[in-house]
Structure formats: C-alpha cells, structure tokens
Amino acid sequence: MAAPELIVTPKFTLPAQLSWLLIFIQVFNVGLLYFELSLWVIAVIVLCLLWRLLVVLDEKYQPSHWTIVIIALAGCVMLLVSSKQLGLLSTMLHLLCLAYGLKTLELKSRKDFYQLSLLGFFVLTSSLIFYQSLYFSFLLSILLIINVTALLMYFTGKTSILTLFKTASKLMMQSLPLAIVLFVVFPKLAPLWHVPAAKSSTTGISNSVKIGDIANLALSDALAFRVEFDNNAPDANQLYWRTLVLESFDGATWEQSLAQKQIKKILLGSNKQRVFTFEDVDSQGANTQVKNNQAKNSQAFSYQGISYQAFSYQGISYQAFNYQVIAEPSFQHWLFALDIAQVDNTRQIMSLPDYTLFSRQVLSQTVSYKVTSYQQPLLDNITNKQETLLNQHLKNNKVRNLEFPAESNPRLTKQGQLLRQEFPDKRQLIQAVLNNYRQKPFRYTLQPPPLINNSLDQFYFETQAGFCEYYASSFTYLMRAAGIPARMVVGYLGGEYNPRGKYYGIYQRDAHAWSEVWLDSIGWVRIDPTAAVHPARVEGGLPNDLLQQQSLLSGNFLSLYRLRQFALINNLRLQFQAIDYQWTRWVIGYTAKNQFKLLSGWFGNLRPYKIALLVAFTFVSIMFLLWLVNRERLKIAPKPVWLVLYFQALVLIAKKGLEKPKGMGIWEFSKLFSRWFSERFSDPKEGEFSSVVQSFAIVSKIVISIEYQKLSEQEHQQALLNLRAEMTNFKQEIKKLKFNKSFKV
Amino acid sequence: MQESVKAILSQIGSIVIGKPTEIRLALASVLAKGHLLIEDLPGMGKTTLAQVLAKTLGLSYQRTQFTSDLLPADVVGVSIFNQDERCFELHKGPIFNQVVLADEINRASPKTQSALLEAMEEHQVSIDGATYELPSPFFVIATQNPLFHAGTYPLPESQLDRFMMRISLGFPDIEAEKKILLNNNSQNQLSGLRASISTDELIEIQAAVQAVNTSMSIIEYVIALCRVSRKANNNVNPLSPRAGKALLSAAKAWAFMDNRDYVLPEDIQAVFVSVCQHRLGETGLDSNTASGSQAWGSETSGAVQILQQIDPISPL
C-alpha cells in the first residue's frame, strides 16, 4: 500500500509591519464612523482588533473558527434586534463595520487580505454619507492613500512606509483626472436607501424654543448656512434670517401652533392634486401682496435703505435682493431666508403662510437654493380661496396670536393690561415697552441667572438679564397680554462677511429670536427687543464680551473667531472658510440636478437614451483604453522574482551613473561594473568600496545560476534565499557609496 | 575533456599565431558538428588553420583545390570499369575523408559547389545509383576569396546556410607577424604535428556539447534575435529556424569550451556574428577599404545591430 501523499500548503502570513499597518488602518477607518455606530458594535470591533494585536504578537492566540462564527452570529442577532431602531442604512453600516472588525481575525489566505482591504475602502468611504466638509474630505483622502499603501506593501514586498506612501500618493494623483471626469460625467443615481435623519445629529434651531435654548445654541461655532448675494447685500442690521415662526406658547415653551402644523400638512399633501403648486403659491402670493401693499401706506415701518435693484409694481418700489443660500445639513426641514422670500424653480422648497421656507425633505446633505427677497411688510401669505381650511386659519390668525396662558406669568399679564389702558395707540404701546427695556438695567448675557420654571415674570421684573430669546419671549408675551397679536420668530441675525469668498457665513452663534406684531394697517411688523437692549448685537454680531463668555462656556478657547482681531489669523481663517465655501458650492453642491444642467449645456437637450448612449460610450471607451494600454502587458508573463530583484540592483547602479547597455548580458555587465568602478575609484582610499563590486558579482552569479543553469528545486530555493540575502547586502553597500565629484570620469 | 580542449587550442595556437578567437570559433564549429567557411584574402593562413585543425583532431584529411574546371566527380569520386575484375570499381574522391578542405570553393563552378554542399548536408553521396556513407565525424572546411576577386562564383544563399560559421582571420598584429616571419620551418612543424585526441574522444566531446543546458530564457533570446532580423525591413535574408539551431549549437560548444555546462547569453553573443552574418547576406569584409580587415568589429554591422536591440535578460 502506497503511503498517502503529503501535501503541504505554505502557511499564509503577512509581514509584521503590514499587520501593524492594517490594524492602524482599521482603527482609523472605523474611527471616522465613531459617532454613527452603536457602542456595542464599537466594543466588538475594539475587541477584535485587540485580539488581532495578540495574534500578531504571538500566533498561538489565533481564535478558533467557531469563536469567530459565534461572535458573528451574536452580532447579527443584536443587529436584528436593534435594526428597527437603527433604520436600514444604519443597520447595513453596522453590519459592514462588524464584518470589517471580524475579518481581521480571519486573515488566513491572500483572499482574506483582499477582502479586508476592500471592506476597508467601503467602511472608509461610507463615512462620506455623514460628513462632507472639505477638512473631512482631506482627512479621508490621506486615509485612502494609507489604505492603498497597505496594498502596495503587500504586493511590492517593500517595507518602507514612507516610500510606499509616496508611491501611493503618486498613484492617487495619477488617477485624479479620471476621478474628476467620472465625478462630472457619471450619472448621479439616487441612493437605494433613504438617508435617515441620523439619531443625534439634528443641529441648529429646533422646532420648539425654551428660555435658554438659543443661548445654548450660540455656544456653537458650527456653520449653519452661507449666502452669496448676486449684487448688493442689505445692511448688516437688516440680515434677519427668518427660519421658524412660533405661535403657540404654553408658559414655558414656544412651539408652532396646531394651525401652522396643519397648514404644513395640507401643503405637503396637496402636491399631487395640484391645488397648491409652488408656482401658484409663489406667484399669486407675490401678486396679492403687492396689490395689498399698494392699497396701504406702509411708510411708517417700511424698511429703510437705498433702492439698488428695485422691484417696482404700480408705482411703489421695493428693494429686491437676489441671493443663493447653501444650507449645511441640519436634519431638519426648515430653511433660511430674508423677508419676504420667493424661491425660484424648485419643487423641493415651499413657502409657508408665515413666510418661512420649508423643505420637503430633511436637510440630510448640503442644499443650495436661490431666493429673491422683497423687503416689504409681511402680510398673510394665504391666497387660495378654494382651500377653506386655510382661510379659516387665516381668520383665526389674529386670535391665535393673542392666546397665552394667563396664569403662567401673572405679573406680565397685569403689566400688559395696564399698558393697554395707558396707550390706546398700539405703536405708542410698543414704543413704551421698548423704552422700558432700554431704560431699565436689562443686561444682554449668555449667562443669565437661572429662572424658576422659566418664569418670564422673574426675568422681566427681577433678574433682568438674558439672551435674545428672553427678550423676544417676554416681549411677545407682553404684547399678547396687551391685546396686540404677536408671535415669536426664530432664526439667525447678521453673519460674517468673507471678502475672499464674497459670501456671508452664518454660524450657530448667530442664532437669534425676535418678535413680530400685527398692525392692522400694515401687517406683521418685526420688532427686535434685543436691539433695544443691546444695539451692538444687531449691528455687528456677537460683541467681544459675549464672545468671551461664549468661549468660556463652550470650552472652545481656541475659537479662531475669537482671535479675529489678529489680522494674520483672521486672514487665514477667512481664507480657509473661503476655500471650504467653494468646495461646498462646487463639489458638494454638484447634485444630480446641477449635473443634468451642465450636461444639457454640453450635449443639448438630454434624453434618457442620450444619457444611456453617453454612459455606454464612456464605459466602452474606457474599457477599450484599458485594453489598449494593457494589451502588450497582458501578453508578457510576469517577471520572476529573481529578475525583479536583479532589476532593482540595476536601478540602484543606474542611479550611481552606470546603465546596462541593452544588449549586454548579466555576466558581461558585472564585469563592466567592476571595470567602471575601478576606473572611477582609482584612488586607493576608495578601495574599501570594492565590496560593492564583490557583492554585485555574487548577485549576478546567483541570478545567472537561477536563470541559465539546471537547478534542482532545492538548489533553486536555496539560490533564491542567497539572492535575497545578498541583495540586502548589496543595497546597503551601494547606499554607502558617496561619489566624490573629483572622481567623475 | 576540458584538458583535451585546452590542449587542442594551444596546439593550434602554436601554429596559427595571434588568432585565439578565430581558433576557438573554428573549434566550436567542429565540436558543434558544423561546417566551417573561412573567408579571407590569400596568404592569411586559411589553409594552415584547416590543416592544423584536422591534424590536431586526428582526423583523416584531404585538401582539394577548387578551380573553375573542377568537376563534381573530382570531388565525390567516380566508378571506373575494372578490366581485370570486370566490374565497376569506385574511386573515392577527396570527400571520403573526415575533414575535407575545399580550398577556394568559390572558384569552382556552381555545379561542383553544389555537389560538395549536398554531401555536407546529407552525409552521404550517391555515385551511379549506389549510396555511400561518408565517414564520421565528417567536417568540411571551405575557404573562399573575397567576392570582388576575379573569377569567383559566389555561393548562393541556400548553400551559405549549410555552413555553421563563417570566419575570417584578418591580418595578424605586429607581435604575431614577427613570430610568423622569424619562423623558418613552418612546413616541418605542420607535418610533425600529432593528434591531441582520438576520434572516439572527439565524438564523446561532441556528445557532451549536445548535452549542455539551454534554459528557456536562452531559447527565448535566440528566438528574439531571429525575430529582430525578420522584422527589419531592409533585411533580404532573415534568419531561418535552421540559423537559430546553428546558433544554439555553436553557443553550446562555446559554453563547453568555457568549461560550463549551461549556455549564457554571452555565449550566443560570442558566436552570433560568425554564425549569422553570412546568413544575413553580409559580405563580412569591408569592401570600401578592400583590405580584408574584419568588418564585423565595426558598429555598422547588421549582426551587431541586431545584438544591440535585444536585452538578453528579458528577450521577448
């Protein structure tokens, strides 16, 4: 009986350096998603990586196949349980990351290494779903290059990370043109999943405002949105970015009234029936407003300012401003605009009756929209007579905005009633209240003394210190108590002009709250009580004393904005922001719609079949190009390892100045090298370097024996080993060579 | 065996002075079982080389001076009716020797030339319907005068192809010429030569040469060289597979003489010009100077150009 043949497959091992690099890469790839992953998944991944660390140190710690299977199954069950809460996208992401973490324990073959690398690329780029800023993209590119470096290290067998990193960077640079072409031309398909409003990441103003909310928001230096005006910008003190109108007050919290919510629902639902198309709302709204305004004299509270680009209708001109807003993802619905905003040609955005803009979809990514604002008094923006419900709400409008829980702040209520008796004229009444703010020792501060139960009474009569929402809230309450319909408006005030990018950046610290009161002859009129308390806030953003408070409170001492008085830092900051702005505008803002527009411009009217043809053509031509480039290469068998090593040696020698003549064989060249070397170093002092010649002679000899001699398998392996060893020696030797210029032949 | 080779080389070198490379090439041709064509001006030692070679190798040897009136029967032999025995009797020609020296082959008529060359290829001759085996080893050394000499019939390409190598001796250098002039009894020396090896030993060496290892990259190198000659537009006579075969055999012999049992690209390069130049249709002599100096040392030689185009380390 013949003995069974023993088949020994070589064990797959990664070089230690590559193993360390892989762990490093994994940590960072997953680290970018830290805020998007559940804690338990991160824990599992960390466990896997630590385990892998142990395995790298000593192979005996390699977990058994079943351990991995059990962890994987447990993870899947956990995912299944929490999938409802996480949503589809997040679940898939968790699954991907879990697989990425577990795969690291299963590096048993080349195939596994490929899978790990591929997963790495997926995990890394999936973080782009959540973050798209310029800085993040930069960080991501570097990590991408490091990922490529690991692949390079595997294939080249070199271990110098720095050189490999350089090569990888070069490769990335070379692929950049193709990437740009693909970015511009490749169809932007709608995502297969619905990008959810991630669990914690709603930012900016929320749909209800309590006392203290805006002060908290003002601690953040995060960007809210950016605005670029087509021609002229309004004065800084007119930059009231209306975001949300809050009509309902329960004594502590301002919220949107039921009616507002219903209107929103109707508008959202009415899309299909075309009862309320956006065009209808916009155009009719504008027309009726203008007509109404024409009938009424609105001089007293009209907006000041010189008329640059005038919007003129039947003799009365209103200033119009055209601008583009690029809103950062807030995972909310509301948008930002000056009064009275009309949005062009987008079906995604609608104007609500309270003049705010509302996005049909959650702002999960950067959204850009064009707005024209007519600076005219605000009338109610409801025009459609068919919509009886809306009309009813319109009638109730004033009533709604007079409601307040009288018992919540009895002293303010009483004060309101007193005022009502004292001033029959509403304008005088308003003026009196504002004067009161001005004359009493009210303080504008981010650190107001705490109020019991959010009591406005306490604020108005006792502490007299607060941020804008304290004033807006108390003012609105007082107005309602005095019988004047009033409402709370939340938004942003001002903004920082970036002269390099020629845009306004509006940050969360610019969050603001103000009031609107209804005057029968005019409509809704904006009153900002903060302006009465602290006029500087309205004129020039957060003043320095408040900024100091802000940085103290937020712990953000290095806030560049705080250091804006230093010209250099400020310049740098503005420059970075300008670059970021262009990035957001041109790269992030390059949506399917923009692409369609651009490609239409190039190729004329785009039809689906044209797009299909274009894509097919591009695909085919790229494939053809690849085939053409690789045709020659495909024919040639890959070089055996000893020749690769020999060519490395040749390159090293060529760097020192001697190139192998094309027709010369290995043996002849080693002799030539020796001759050349001795000619160049006739000086006996250089004699010590003859070890290079010897070393190269040995290298040549081994290569010759492998290449031309008949060797047994064992001899062959031994020769390869010798060659590798000698090559290391040769590399060191030739590196030592420092050519003295005087020896140049 | 290596000692025998060394002995042969030194013995030939003592007679043909100052031409070690040419001697090596000639010996390589013998060891690779190929025929040799020596092309040079008269008086350069062609005949001497052939004679010394034959004697040193211990082979039967006959010299035939080719002239324009030489007939095929003069080379091959002829059947003559024997009156006494009343039968035809073969009078063997000079070709029935182990080494045949065909002196000034290009002075003979094409008919005679082709009779010799046929025998070279077939290793047998047919006379009056009977076929006769030629002795073994069988080796033809032909000399020829440069083609611009009067009264020459150039060998056709098809027949040139039968010679494994064409070499040319060239003028000796000063030191060598001094020795030649001082040497008075060259004839005595020549006749006093003794064989260095036996025929059996020679056959053994030839077998050993055949066994020299040629790795795949050497084969590829040969193919690459042939392909280059075929690609070049101005080349009327590209290298045939037979040329490739001859190249490989010659290189094996060269490697063997270098005491190696494997062929290096350097071996191919060493024999390449001798093996291939006459097949490429080049004269080998610089007709411009008409001096008989070697042209293949110059950079313009087509064979050298072919060598320069191929990197032996990755030929294909």
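The fewest-to-most ranking of A:D58, B:D74, A:D339 by surrounding Cβ atoms within 10 Å reads A:D58, B:D74, A:D339.
In plain terms, the residue of B:Y221, A:Y114 with the fewest other Cβ atoms within 10 Å comes first and the most crowded comes last, giving A:Y114, B:Y221.
Averaged over the residues of B:206-213, the number of partner chain Cβ atoms lying within 10 Å of the residue Cβ comes to 1. In square nanometres, what is the average projected area of the Cα convex hull of segment A:641-743? Convex hull of Cα atoms, orientation-averaged projection: 6.4 nm².
In the neighborhood of A:F696, defined by Cβ-to-Cβ distances under 10 Å, what is the net charge if each Lys or Arg adds +1 and each Asp or Glu adds -1?
Details: positive: A:K701; negative: A:E726, A:E733.
With Lys, Arg at +1 and Asp, Glu at -1, the net is -1.
Between 0 and 90 degrees, rounded to the nearest ten: what's the tilt of helix B:265-276 against the longest Cα principal axis of chain B? Helix B:265-276 and the main axis of chain B meet at about 50 degrees. Taking Cβ atoms as reference points and 10 Å as the exclusive limit, the residues near A:I68 contribute a net charge of 0, counting Lys and Arg as +1 and Asp and Glu as -1.
Pairs from the table (A:K103/A:K735; A:K656/B:K19; A:K108/A:K736; A:K170/B:K231; B:K55/B:K178) lying more than 30 angstrom apart at Cα are A:K103/A:K735; A:K656/B:K19; A:K108/A:K736; A:K170/B:K231.
Taken one residue at a time, the phi angles of segment A:238-246 give Karplus couplings (6.51, -1.76, 1.60, θ = phi - 60°) of 9, 7, 9, 8, 6, 10, 8, 10, 10 Hz. Gly and Pro are set to x.
Relative contact order, percent, of segment A:641-743 when contacts are C-alpha pairs under 8 Å separated by at least 6 residues? The partial results should precede the final answer.
Working: 65 pairs, mean separation 37.2, N = 103.
The normalised contact order for segment A:641-743 reaches 36 percent.
Suppose a student asked you for the relative contact order of chain B, using Cα pairs under 8 Å spaced at least 6 residues apart; what percent would you report?
It rounds to 22 percent for chain B.
Hydrodynamic estimate: the Kirkwood radius of segment A:444-547 over Cα pairs, inserted into Stokes-Einstein at 10 °C and 1.306 mPa s, corresponds to D of 107 µm²/s.
Of the listed peptides A:171-180, A:580-589, A:523-532, what is their order by residue-averaged count of other C-beta atoms within 10 Å, with the highest listed first?
Details: A:171-180: 11.2, A:580-589: 17.0, A:523-532: 22.3.
Ranking, from highest mean packing down: A:523-532, A:580-589, A:171-180.
How high is the relative contact order of segment A:16-144, given as a whole-number percent (alpha carbon pairs under 8 Å, six or more residues apart)? Result for segment A:16-144 is 33 percent.
Other residues whose C-beta falls under 12 angstrom from the C-beta of B:I38 contribute a net charge of -2, scoring Lys and Arg +1 and Asp and Glu -1. In this structure, the residue pairs whose Cα-Cα separation is over 22 Å, taken from A:K111/A:K166; B:K6/B:K252; A:K84/A:K111, are A:K111/A:K166; A:K84/A:K111.
Taking each residue in B:306-312, count the Cβ atoms of any other chain within 10 Å of its Cβ, then average. What number comes out? Show your work: numbers first, answer last.
Working: counts 1, 3, 4, 2, 2, 6, 9.
That average works out to 4.
Estimated from helical segments only, the mean residue ellipticity of chain B at 222 nm is -13000 deg cm²/dmol, where each DSSP H run of four or more residues counts as -39500 (n - 2.57). Counting Cβ atoms of other protein chains within 10 Å of each Cβ in A:660-672 and taking the mean gives 5.
When a footprinting reagent is the concern and you count Cβ atoms within 10 Å, what order do A:F24, A:F730 take, fewest first?
Details: A:F24 14, A:F730 24.
Ascending Cβ contact count within 10 Å gives the list A:F24, A:F730.
Note that chain B, at 20 °C in a medium of 1.002 mPa s, gets a Stokes-Einstein diffusion coefficient of 105 µm²/s from its Kirkwood radius over C-alpha pairs. Ranked by the mean number of other Cβ atoms within 10 Å per residue, highest first, peptides B:5-12, B:139-146, A:445-452 order as B:139-146, B:5-12, A:445-452.
Here, each number is a calculation from the coordinates, and none is a lab measurement. Fair warning: this is a prediction, and the values are worked out from it, not measured in the lab. Counting neighbours? That spans all protein chains shown, and the Cβs are built from the backbone with ideal geometry, glycine included.
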